[in-house]
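Reviewing the structure listed below.
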Amino acid sequence: MLELTPKTVSERSALRINPCKTCQPVGALYAALGVHKCMPHSHGSQGCVSYHRTLLTRHFKEPAIASSSSFTEGASVFGGGSNLRAAVKNIFDVYDPDIIAVHTTCLSETIGDDLNAYILEMTIPDGKVVVHTNTPSYAGSHVTGYANMLAGFIRYLADPGTEKNGKTAIFPGFVNPGDIRECNRLLGMLNLSVIMFPDQSGVMDAPMTNVYAMYPEGGTTIDEIRALGGCERVLALGHLTCEEPAEELKKKCKIPYTLLPLPIGVAATDAFVMAAAEASENIPKEIEEERGRLLDLMLDANPYFHDKKVAVYGDPDTVIGLTSFALELGMTPRYVITGTPGEAFTRHVNALLEKFGVADCTVKAAADLFELHQWIKNGPVDLLIGTSYGKQIAKAEDIPLVRAGFPILDRYGHSYMPIVGYQGAIRLAEMIAGALMDRQDRDCADEDMEVVM
Ligand code: SF4
């Protein structure tokens, strides 16, 4: 029987089985939903956008609106220009958004539709805006699509001539509305005036009012995106997610940016808070107390965390944050993977492992969950941290799973809760400790049964 080791499995190069990612337009659609009164538009066939909307709806348990160019055979052969023109007219007539954010699909990319030219030539009603980005799904992942869409908004809208507003732009990364709320709460405590871009809070966690609102109250406004050009600086959270839009804004409007890890865990949240406070000594007491409570919890539950072997998988910046926090808790990452390609991921994770003196860990980008499962069969772990897609591994190998990241399809309420900031880390630590303690209780009960029998 072939023994599947990280080395033998990694030789499979032309096929992904249970990929740890999804396609670019999903990220582009999510980014566009973080802009107020925006209709995300998928330039391709209806099947694509049905899948993208379904995935987002299943994660957030909220309607993820989007329209489609509805390609049929004709558009596939002759190009989708007329489809897009008809779609833009119908969308403004029927759904009345302020802005349409168009992203491409594999099909429209393959036939080479020139969206820039289509948009320049079309008639757009006064006061309305159409922007676009290219999201070919045979490259990158939904994280790439998210970054591309943000860069697209900036390319079209950020205004280098706008008046200086003294604000800090925050690019929060591919996170849940609950994470954005938590960032906003911390920034509010620091009295920082910010433009959060994008901002899905109040959109993908809009309250039930008994009246359907196609465009809920949340989201970054078009004026705010224009005003990014007058910000003092950008704090871009997530090296692999937010560098591209931050670079785009720097190129267009000369706004300097600081790239930070997603603020997951103690060190990354410290870095975020200090950067937001501009290294001021005056961190509010409430923030210090939150941090202190987190440290207290980490110490109290340390016997359960200590030296537990863990596998972490999901989106690159989320995984880097979760790995960093697992190390801070005293756990030992054994496998750390993302489905999104990019050597920067392995570089960042390896730097963390080196800092904590962990040598025996397999780290891989563009990996899939099939190979993770094979590695775990040969070298088991005590805990899985990642998305719902790992639950088959958890079930097959009888390993507890702490759900974090995107997508989480089989739980409710998770998108309201943060995993960022000190509060988010307290929530994560509580979930991890709970999962490990449940396992220990069960193992003890099994041993008791054996003694009785
Ligand atoms: S065809 Fe491409 S864009 Fe459409 S769902 Fe598949 S991977 Fe995504």
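Where a number appears in this text, it was derived from the coordinates with a stated rule and is not lab data. The structure presented is a predicted model; accordingly, all values stated were derived computationally and were not measured. No Cβ is skipped: glycine too gets one built from the backbone with ideal geometry, and neighbour counts run over all protein chains shown.
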Any aspartates and glutamates whose Cα falls less than 15 Å from that of K254, other than same-chain ones fewer than 8 residues away, would be D159, E163, E232, E243, E244
Put in order of increasing Cβ neighbours within 10 Å, starting from the fewest, V26, V358, V349, V175 give V358, V349, V175, V26
Quick shape summary for region 168-276, equivalent ellipsoid via Cα gyration tensor, semi-axes whole Å in descending order, reads 23, 18, 12
Rh (Kirkwood, all Cα-Cα pairs) for region 245-363, Å, reads 15.9 Å
Region 300-319 scanned against label point 7 Å out from Q440 along Cα→C-beta; backbone N under 17 Å for 300-310
Within region 340-363, the residues whose backbone N lies under 20 Å from a label point placed 7 Å from the Cα of L295 along the Cα-to-Cβ direction are 356
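Find, among the GluC sites (Glu not before Pro) in region 179-288, those assigned to loop by DSSP (not H, G, I, E, B) with at most 15 other beta-carbon atoms within 10 angstrom. Show your work: numbers first, answer last.
Details: sites: E182, E217, E224, E232, E243, E247, E248, E278, E281, E286, E288; in loops: E217, E232, E278, E281.
Sites meeting the loop and neighbour criteria: E217, E232, E278, E281.
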Links exceeding 27 Å between C-alpha atoms in this model, out of K61/K128; K308/K391; K309/K355; K89/K250; K61/K395, come to K61/K128; K89/K250
Checked against the positive end of the charge dipole of the chain (+1 on Cβ of Lys and Arg, -1 on Cβ of Asp and Glu, about the Cα centre), the farthest of T133, G265, G81 is G81
Note, Y30: beta-carbon cut-off 15 Å, +1 each Lys/Arg, -1 each Asp/Glu, net -2
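Using Cα pairs under 8 angstrom and six or more residues apart, how large is the relative contact order of region 24-157, in percent?
On the way: 245 pairs, mean separation 47.1, N = 134.
Answer for region 24-157 is 35 percent.
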In deg cm²/dmol, rounded to the nearest 500, the helical mean residue ellipticity at 222 nm of the chain, built from -39500 (n - 2.57) for every DSSP H run of length 4 or more, is -15000 deg cm²/dmol
Most exposed to least, judged by fewest other Cβ atoms within 10 Å, H142, H373 sort to H373, H142
Expressed as a whole-number percentage, the relative contact order of the chain with C-alpha contacts under 8 angstrom and at least six residues apart is 17 percent
Subtracting the Cα-Cα distance of L120 and N90 from 0.36 nm times their residue separation yields 9.0 nm
Per DSSP, the loop-located trypsin sites (Lys or Arg not before Pro) within region 357-413 having at most 16 other beta carbons within 10 Å are R411
For region 276-347 the mean separation of alpha carbon contacts under 8 Å (6+ apart) over residue count, i.e. relative contact order in percent, is 29 percent
Mean projected area (nm²) from the convex hull of Cα positions in the chain is 25.2 nm²
A correct fewest-to-most ranking of S69, S201 by other Cβ atoms within 10 Å would be S201, S69
Using alpha carbon centers only, region 240-287 is separated from region 325-351 by a whole-angstrom value of 20 Å
